[in-house]
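Some notes on the structure that comes next.
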Amino acid sequence: MARSFDPDALLSQPLMANLATMSPEGPRNAPVWFLWEDGALWMPGARSGSSVHRLAQDPRCAVEIVHFDNAAGLLLHLGLRGRAAIRPMDAGRFRRLLAKYLGPEERDWNAWFIENIARIDDPEGRLIRLEPETVFTNNVSHFRTGPALAWPPAPEG
């Protein structure tokens, strides 16, 4: 009884994504911020980061994004699958990614966070790019209301 929805409904929001990668020890999962741009999902990484290392060894990955609002009865799941590529840091794209989560005005960003965690000028910085081979949506917002009142509303007629 799941319904589909426009993936942009989640891709445009500052939600957490989960990046699943392969490793010799088994699957691994990491929460990430993301930016949907130019038909690809862009996620921050570092040259020495574990996700970057695993994707360099095996680029197959999956990304899951879930929007859950219990009070509103909203449960949307977006899945992306494909092969990721590791790209050098692109300061402009990284700024747009940060603005999605931190707000549009850089002067309002937490200076400690930018200097220590999300360093825009970090030579170790990388961007993980996933141009999905498959995309699926799963809208199970009927868990509280039943299908007649699920988001988005059912088409009339």
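A few comments on the model shown:
- Estimated 222 nm signal from helices in the chain, with DSSP H stretches of n ≥ 4 weighted -39500 (n - 2.57), rounded to 500: -5000 deg cm²/dmol
- Across the alpha-carbon atoms of the range 75-133, the computed radius of gyration and Dmax are 13.8, 39 angstrom.
- Added length on full extension, which subtracts the Cα-Cα distance from 0.36 nm per residue, residue 58 to residue 23: 11.8 nm
- Shown for 115, 64: other C-beta atoms within 10 Å of each C-beta, ranked fewest to most, produce the order 115, 64.
- Within the listed set 14, 44, 27, the residue fluctuating most in the Gaussian network model of the chain (springs between alpha-carbon atoms under 10 angstrom) is 27.
- Cα long-axis angle, helix 91-102 against the chain (0 to 90 degrees, to the nearest 10): 50 degrees
No lab work stands behind these numbers, since they all come straight from the coordinates. In this text, all values refer to a predicted model and were calculated from it rather than measured experimentally. Don't worry about glycine lacking a Cβ; one is built from the backbone with ideal geometry, like all the others, and counts go over all protein chains shown.
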